[in-house]
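> Okay, here's the structure, questions in a sec.
The values are calculated or read from the model by the stated rules, or taken from the named source; none is laboratory data. Keep in mind that what you see is a predicted model, and the values were worked out from it rather than measured. So basically every Cβ, Gly included, is an ideal-geometry build from the backbone, and we count neighbours across all protein chains shown.
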Amino acid sequence: MKKATLSICRDFTVGEVDPRIFGSFIEHLGRAVYGGIYEPGHPDADEQGFRKDVLALVRELNVPVIRYPGGNFVSGYRWEDGVGPVESRPRRAELAWRTIEPNLIGTNEFVDWSRKAGADVMMAVNLGSRGMDEARALVEYCNFPAGTQWSDLRKQHGWPEPHHVKLWCLGNEMDGPWQIGHKTADEYGRLACEAGKAMKWADPSIELVACGSSNRSMPTFASWEATVLEHTYETVDHISLHTYYGNREHDTANFLARSLDMDVFIQSVIAICDYVQAKKRGKKQINLSFDEWNVWYHSNEQDGKIEPWSIAPPQLEDVYNFEDALLVGSLLLSLLRRADRVKIACLAQLVNVIAPIMTENGGKSWRQTIYYPFLHASLYGRGTVLQTRVRSPLYDSRDFTDVPYLDALAIQNDADSLTVFAVNRDLQEPMTVDCDLRSFGACQVTGHTVLNHADLKAANTADQPRAVVPHEAGKAWIDGDTLRLVLDAHSWNVIRLQKSR
Ligand code: AHR
């Protein structure tokens, strides 16, 4: 059996977890909105047509913020199409995903849905096909109390109170040639600066996220961030990061190491933010909004076969397996490990589209494998992240060297409780882990949740929704001042500790 150790001390902290790190994302794409969160004919629909079974699953995840309405969709979106009497809203050819958008759900309905889900909205504005004026009008429509054209229009539409949307994305993936209204870094940086200024003049309490690169392999990565931040440093609060991982080669050891790529991505963007701050002799620290992250590859081939121009076709419907859940667990640890700088993150997405929650039109809803690590991190990953020194045997894989078999992080939830998250990446053997708890005083183990499955490719489906579910029979105990763990091969673990009284 391999052996590893964890060193933690209650005085050595990384920072407070911003709860918005457990955000998610709903785009007008595939069956996320129509057939996902909204299905008026469904037996479980509420008076607004929202599926109550889906709302219950979203509420269970305790998601504090949900990005909307895209994604690539937002870069061609006219927000005015989605407000006012539903019967007069236009049907549009939606160019990003080549579907028909019926505009039955728009800004106001989504704000209502998010409230029901217990979340705030993170609103994206269109800086692809549109610009500053439409963006600042949307802020006024959403957040101005009354007495102006746009705020009075909201009231006339039936929403007398302002929505108080706090977080705003200045466009989406504007560095990508696939984006409607793709721009160079200078073009986008100037536009984001001016749009952001006007939006903050309309409501000075909002926070703004500038678009970073669409992923770390973009040819303009790093110089894009530097240029955009040089234009927008005074105006924005966060810069975005997006990434998706896959296991097309069926090389699980390499796949599970991909969180190391996320670590490097985060570190690189922090360095760029700090470079621009230094160059500006600025006081303001720019933080990170990792507002799209997940596994995404299972559905790629199927999506190529979908005929264009239908309403809500089944796009990006990845069926997640057990190994995907392990990587999602490690990706959550990578985000939390830099909780000092990653203030927002959105699991992309939430329902049906590369999502932890799946539905059948007119039928059931269920939890995919990746639902569980996200749920556990959202429930037990709040508080203060502790510097967690991992000493673990290492392995090399196709793309990575010195990959620790053990990925782990400790979080002090409050004065009396502590949670240790751990992934054993070893595909063959269990591992023993010791963790010195002297600085915490006497503790007891109150739970050890494990997600594991003999078949790395096992998945939950409508017919077998509980094929992969967590159990509470993990092996964790206190031995003097030491927490001792035995982690099963390829397992996700959540160990909860409480101070003894
Ligand atoms: O989440 C799916 C898509 O991935 C989003 O629309 C886009 O921003 C990204 O490329």
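> Residue check: is residue 128 within 16 Å of the ligand (Cβ to nearest atom) and farther than 30 Å from residue 17 by Cβ?
Criteria met by residue 128.
> For the stretch 371-448, list the strands (runs of 3 or more DSSP E) that sit wholly inside it and hold at least 1 residues that are under 28 Å from the mean Cα position of the chain (by Cα); which are they?
Qualifying strands (runs of 3 or more DSSP E): 384-386, 389-391, 406-414, 417-424.
> Here is a follow-up. Can you tell which of 67, 59, 20, 98 is closer than 25 Å to residue 345 by Cβ, of a type in the set (D, E, K, R) and within 16 Å of the ligand (Cβ to nearest atom)?
Working: 59 fails: within 16 Å of the ligand (Cβ to nearest atom); 20 fails: within 16 Å of the ligand (Cβ to nearest atom); 98 fails: closer than 25 Å to residue 345 by Cβ.
Testing whether each residue is closer than 25 Å to residue 345 by Cβ, of a type in the set (D, E, K, R) and within 16 Å of the ligand (Cβ to nearest atom) leaves just 67.
> Additional query: Could you identify the single residue in 353, 390 that is touching a residue at least 24 places away in the same chain (Cβ under 8 Å), within 16 Å of the ligand (Cβ to nearest atom), at negative phi and not small (Gly, Ala, Ser)? It would help to see each step written out before you state the result.
Working: 390 fails: within 16 Å of the ligand (Cβ to nearest atom).
Exactly one residue qualifies, and that residue is 353.
> While we're on this one: Identify, please: which residue in the stretch 314-325 is farther than 24 Å from residue 98 by Cβ and in contact with a helix residue (DSSP H, G or I) (Cβ under 7 Å, 6 or more places away or on another chain) and is, among those, surrounded by the most Cβ atoms within 10 Å (Cβ to Cβ)?
By that ranking, first place goes to 325.
> Of the residues 455, 481, which single one is in contact with a Lys or Arg (Cβ under 6 Å, 6 or more places away or on another chain), of a type in the set (Asp, Glu) and in contact (Cβ under 8 Å) with a residue 12 or more places away in the chain? Quick ask: steps written out before the conclusion?
On the way: 455 fails: in contact with a Lys or Arg (Cβ under 6 Å, 6 or more places away or on another chain).
Being in contact with a Lys or Arg (Cβ under 6 Å, 6 or more places away or on another chain), of a type in the set (Asp, Glu) and in contact (Cβ under 8 Å) with a residue 12 or more places away in the chain holds for just one of 455, 481, which is 481.
> Note down all Cβ pairs under 7 Å where the first residue falls in the stretch 397-426 and is more than 23 Å from residue 380 (Cβ to Cβ) and touching a residue at least 60 places away in the same chain (Cβ under 8 Å), the second is aromatic (Phe, Trp, Tyr) and part of a strand (DSSP E or B), and they're at least six residues apart or on different chains.
Between residues of the stretch 397-426 that are more than 23 Å from residue 380 (Cβ to Cβ) and touching a residue at least 60 places away in the same chain (Cβ under 8 Å) and residues that are aromatic (Phe, Trp, Tyr) and part of a strand (DSSP E or B), the close pairs are 403/395.
> Same structure, new question: From the set of residues in the stretch 198-213 that are within 16 Å of the ligand (Cβ to nearest atom) and touching a helix residue (DSSP H, G or I) at 6+ places or on another chain (Cβ under 9 Å), which is nearest to residue 286 (Cα to Cα)? I'd like the intermediate steps shown before the answer.
Our first condition is that a residue be within 16 Å of the ligand (Cβ to nearest atom); within the stretch 198-213, this holds for 209-213.
From what is left, the residues that are touching a helix residue (DSSP H, G or I) at 6+ places or on another chain (Cβ under 9 Å) are 210-213.
Details: 210: 10, 211: 13, 212: 12, 213: 15 Å.
So, considering only residues that are within 16 Å of the ligand (Cβ to nearest atom) and touching a helix residue (DSSP H, G or I) at 6+ places or on another chain (Cβ under 9 Å), the one nearest to residue 286 (Cα to Cα) is 210.
> Kindly provide the set of residues from the stretch 458-478 that are surrounded by 14 or more Cβ atoms within 10 Å (Cβ to Cβ) and touching a residue at least 40 places away in the same chain (Cβ under 8 Å), ordered by number.
Within the stretch 458-478, 458, 459, 460, 465, 468, 470, 478 qualify.
> Let me ask another. Got a sec? Which strands (runs of 3 or more DSSP E) wholly within the stretch 53-101 have at least 2 residues that are surrounded by 22 or more Cβ atoms within 10 Å (Cβ to Cβ), aliphatic (A, V, I, L, M) and in contact with a Leu (Cβ under 8 Å, 6 or more places away or on another chain)?
Output list reads 65-68.
> Same structure again: Does the stretch 490-501 contain any residue that is over 29 Å from residue 368 (Cα atoms) and in a loop (DSSP other than H, G, I, E, B)?
Yes - at least one qualifying residue is present in the stretch 490-501.
> What are the pairs, 6+ residues apart or on separate chains, where a residue within the stretch 196-218 that is farther than 12 Å from residue 291 by Cα has its Cβ under 6 Å from a residue that is at pLDDT 95 or above and among the hydroxyl-bearing types (Ser, Thr, Tyr)?
Filtered contacts from the stretch 196-218: 196/235; 197/235.
> I've got another one for you. Restricting attention to the stretch 359-370, which residues are among the charged types (D, E, K, R) and part of a loop (DSSP other than H, G, I, E, B)? Explain how you work it out, then say what you get.
Going through the stretch 359-370, the residues among the charged types (D, E, K, R) turn out to be 360, 364, 367.
Within the stretch 359-370, 360, 364 qualify.
> Hey, any hits in the stretch 301-313 for a residue that's within 25 Å of residue 407 (Cα to Cα) and surrounded by 15 or more Cβ atoms within 10 Å (Cβ to Cβ)?
Kept after step one, since they are within 25 Å of residue 407 (Cα to Cα), are these residues of the stretch 301-313: none.
Within the stretch 301-313 (the criterion being within 25 Å of residue 407 (Cα to Cα) and surrounded by 15 or more Cβ atoms within 10 Å (Cβ to Cβ)), the answer is no, since none of the residues qualifies.
> On to the next question. Somewhere in the stretch 222-239, is a residue at positive phi, of a type in the set (A, V, I, L, M, F, W, C), in a loop (DSSP other than H, G, I, E, B) and touching a residue at least 12 places away in the same chain (Cβ under 8 Å)?
Initially, the stretch 222-239 is screened for residues at positive phi, giving 222.
The next check asks that each one be of a type in the set (A, V, I, L, M, F, W, C); those that pass are 222.
Checking the rest, the ones that are also in a loop (DSSP other than H, G, I, E, B) come to 222.
Next, from what is left, pick out any that are touching a residue at least 12 places away in the same chain (Cβ under 8 Å): 222.
Scanning the stretch 222-239, I find at least one residue that is at positive phi, of a type in the set (A, V, I, L, M, F, W, C), in a loop (DSSP other than H, G, I, E, B) and touching a residue at least 12 places away in the same chain (Cβ under 8 Å), so the answer is yes.
> Please verify whether the stretch 169-189 includes one or more residues that are among the basic types (Lys, Arg) and more than 21 Å from residue 77 (Cβ to Cβ).
In the first step, residues of the stretch 169-189 are kept if they are among the basic types (Lys, Arg); the result is 183.
Pick out the ones that are also more than 21 Å from residue 77 (Cβ to Cβ) and you get none.
There is no residue in the stretch 169-189 that is among the basic types (Lys, Arg) and more than 21 Å from residue 77 (Cβ to Cβ).
> Another question, if that's okay. Here is a list: 345, 325. Which entry is touching a residue at least 12 places away in the same chain (Cβ under 8 Å), small (Gly, Ala, Ser) and within 15 Å of the ligand (Cβ to nearest atom)?
Residue meeting the stated conditions: 345.
> Check residue 453 against each of (1) surrounded by fewer than 18 Cβ atoms within 10 Å (Cβ to Cβ); (2) not small (Gly, Ala, Ser); (3) not in a strand (DSSP E or B) and name the one condition it does not meet.
Among (1) surrounded by fewer than 18 Cβ atoms within 10 Å (Cβ to Cβ); (2) not small (Gly, Ala, Ser); (3) not in a strand (DSSP E or B), residue 453 violates only (1).
> Let me ask something additional. Restricting attention to the stretch 240-257, report how many residues are in contact with a Ser or Thr (Cβ under 8 Å, 6 or more places away or on another chain) and without any contact (Cβ under 8 Å) to a residue 60 or more places away in the chain.
Summing the residues that are in contact with a Ser or Thr (Cβ under 8 Å, 6 or more places away or on another chain) and without any contact (Cβ under 8 Å) to a residue 60 or more places away in the chain in the stretch 240-257 gives 1.
> Give the residue that is farthest from residue 492 (Cα to Cα), with candidates limited to residues of the stretch 413-456 that are touching a Pro at 6+ places or on another chain (Cβ under 7 Å) and among the β-branched types (Val, Ile, Thr).
Per the stated criteria, the residue is 449.
> Tell me, yes or no, whether the stretch 267-290 has at least one residue that is within 16 Å of the ligand (Cβ to nearest atom), crowded, with 23+ Cβ neighbours inside 10 Å and small (Gly, Ala, Ser). Break it down into steps so the answer makes sense when it comes.
Going through the stretch 267-290, the residues within 16 Å of the ligand (Cβ to nearest atom) turn out to be 289-290.
Within this subset, residues satisfying the condition of being crowded, with 23+ Cβ neighbours inside 10 Å are 289-290.
When the remaining residues are screened for being small (Gly, Ala, Ser), the result is 289.
Taking every residue of the stretch 267-290 in turn, at least one turns out to be within 16 Å of the ligand (Cβ to nearest atom), crowded, with 23+ Cβ neighbours inside 10 Å and small (Gly, Ala, Ser).
> Restricting to the stretch 84-124, what's the tally of residues that are charged (D, E, K, R) and on the phi > 0 side of the Ramachandran plot? Full working, then the answer.
Going through the stretch 84-124, the residues charged (D, E, K, R) turn out to be 87, 89, 91-92, 94, 98, 101, 109, 112, 115-116, 120.
Cutting the leftovers down to on the phi > 0 side of the Ramachandran plot gives us 98.
Residues flagged as charged (D, E, K, R) and on the phi > 0 side of the Ramachandran plot within the stretch 84-124 amount to 1.
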